[in-house]
Amino acid sequence: MDEIQSAAASATRCGFVALIGAPNVGKSTLINALVGTKVAIVSHKVQTTRALLRGIAIEGDAQLILVDTPGIFAPKRRLDRAMVTNAWAGAHDADIVCMLVDAKRGLDEEAEAVLGPLADTPQPKALIVNKVDLVDKPALLALAQAANARVKFAETFMISALTGDGVADVKRWLAANVPAGPWHYPEDQITDAPLRQLAAEITREKLYLRLHQELPYRSTVETEQWKELKGGAVRIEQTIYVERESQRKIVLGKGGATIKAIGAEARRDIADMVEAPVHLFLFVKVRERWADDPERYRGIGLEFPKD
Ligand SMILES: Nc1nc2c(ncn2[C@@H]2O[C@H](COP(=O)(O)OP(=O)(O)OP(=O)(O)O)[C@@H](O)[C@H]2O)c(=O)[nH]1
Ligand SMILES: [Mg+2]
């Protein structure tokens, strides 16, 4: 009996789809477009995503577990190495790998650094040329041909994750190509990340949007406390770690103006996410070597590179 039921269940499909590419090509934007809700943070800065985050989407009988990955670049610091290792691990564990390329940047050095190792990964692969809203159509064809000459892609898509152009085609193709099998998550679940982590990511997004130059890369955010209050509101305490007192001053801003603005923006988005009023308390702490502290890596969801 059980077997008959599981045979019926395999009318469904379910699989892991990793989105990989250079930093800033629009991986997180595409995850959000495919899920239909914002689950991954996005910014105009490179290296926004730090660790794997799964967004979950349904298309017909298929459940797509979309794995957002950190951008792949030449790593320098320990944190960079952990992020790049994490991105490739996401690709290796997936049923399908999608490589995103920025239509405007084309096959630059960073895209080449992804194409090389990708040629050796055994899974079915798709090429997704993103940001087509920024370029003229003829240029796209040459780009797609050059990439296909390097790696055997099963399919090529031209999309704009920002406007949604072409996203439905990607979703349909993924649904048809993930393996048959039962769904891994309940139908209404859109991510597997815990709320505490998503809330920390939202605050980190506001840091990326507000702070300039190196500062976002020198900081990390952790949710320390999450308390549901009587009456339905949530009280959240988060710590922003920076490396220097001078950085702490910049995050606080004149008379606390910057941290106040970051807190207000984060609070609004976190409240939208939990659908409840939120009291958000942000603390800024100096931890000179947080980027060499295994504890912080656990918070981010990264493996700590030993050297
Ligand atoms: N014009 C245009 N901009 C886009 C498109 N997709 C993404 N962007 C923008 O590109 C920037 C980077 O987007 P992300 O989704 O954060 O890129 P990412 O690949 O996840 O970046 P990392 O996490 O840093 O590797 C943001 O400013 C997006 O709004 C698109 O189709 N068209
Ligand atoms: Mg990202």
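The values are calculated or read from the model by the stated rules, or taken from the named source; none is laboratory data. Worth saying up front: this structure is predicted, and the values here are computed from it rather than measured. In this analysis, Cβ positions are derived from the backbone assuming ideal geometry, glycine residues included, and neighbour counts consider all displayed protein chains. The protein model used for the area step is the full one, side chains on, heavy atoms only, and it has no ligands, DNA or RNA in it. Shrake-Rupley method; radii C 1.70, N 1.55, O 1.52, S 1.80 Å.
Here are a few things to note about the model shown:
- The stretch 85-120: number of residues that are touching a residue at least 12 places away in the same chain (Cβ under 8 Å), more than 18 Å from Leu66 (Cα to Cα) and either among the basic types (Lys, Arg) or not in a helix (DSSP H, G or I) (or both): 8
- Among the residues of the stretch 85-109, those identified as within 28 Å of Glu243 (Cβ to Cβ) and open to solvent by 20 Å² or more (accessible area, probe 1.4 Å) are Thr85, Asn86, Trp88, Ala89.
- Taking the listed residues Ala161, Ala199, the one that is under 30 Å from Gln238 (Cα atoms) and surrounded by 13 or more Cβ atoms within 10 Å (Cβ to Cβ) is Ala199, with no other qualifying.
- Single match in Val25, Val17 (criterion: within 14 Å of the chain's Cα centre (by Cα) and away from ligand 1 (no atom under 12 Å from the Cβ)): Val17
- Within the stretch 43-56, residues that are within 13 Å of Gly90 (Cα to Cα) have Cβ atoms under 6 Å from residues that are surrounded by fewer than 18 Cβ atoms within 10 Å (Cβ to Cβ) and not β-branched (Val, Ile, Thr) in these pairs: Ala51/Gly301; Arg54/Asp192, counting only partners at least 6 apart in sequence or on another chain.
- The condition of being in a strand (DSSP E or B), under 19 Å from Thr121 (Cα atoms) and open to solvent by 10 Å² or more (accessible area, probe 1.4 Å) holds for only one of Phe73, Phe16, that being Phe16.
- The single residue among Arg287, Arg298 that is open to solvent by 80 Å² or more (accessible area, probe 1.4 Å), out of contact with any Cys (no Cβ under 8 Å at 6 or more places or on another chain), modelled with pLDDT under 95 and under 15 Å from Thr220 (Cβ atoms) turns out to be Arg298.
- Within the option set Gln213, Gln189, being open to solvent by 20 Å² or more (accessible area, probe 1.4 Å) and at positive phi holds for one residue only, Gln213.
- Selection of the stretch 189-235 for residues being basic (Lys, Arg) and under 17 Å from Leu79 (Cα atoms) yields Arg204, Arg218.
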